[in-house]
Amino acid sequence: MSMPSIHTDNASARADTEQPSDHASRLAVSALARPIEAIAFWSAIALPFLYLPLLVSGLGSTAQLTAFLALLALHAVTIVGGHRYNRA
């Protein structure tokens, strides 16, 4: 025979007592996340056009190699940041 649980489900109680400021802050974060995702998405599309000239001219100097690696790292960040953009 199973014993009744002494734990109650507090999720519904927490949802009922959610403060209006919590809801407003979630809306503000959501409103900021959308444009940031859009910028990241479109940057991920545009960044390869910036490092192509570096590849064509060659990576002979340390400065060119550093710039190329920095652009690749930035590209990776923008891919991760923009991967959820415009999903329904």
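Some notes on this structure:
- ³J(HN,Hα), Karplus 6.51/-1.76/1.60, whole Hz, each residue of the range 54-59, x for Gly, Pro: 5, 5, 5, 7, x, 10
- Each residue of the range 28-41 was assigned a 3J(HN,Hα) from its phi angle through the Karplus curve 6.51 cos²θ - 1.76 cosθ + 1.60 (θ = phi - 60°); the sequence is 5, 5, 5, 5, 7, 5, 4, x, 5, 5, 5, 4, 5, 4 Hz, with glycine and proline shown as x.
Each value in this text was obtained by applying a stated rule to the coordinates, not by laboratory testing. Just so it is clear, the structure is predicted and the values come from calculations on it, not from any experiment.
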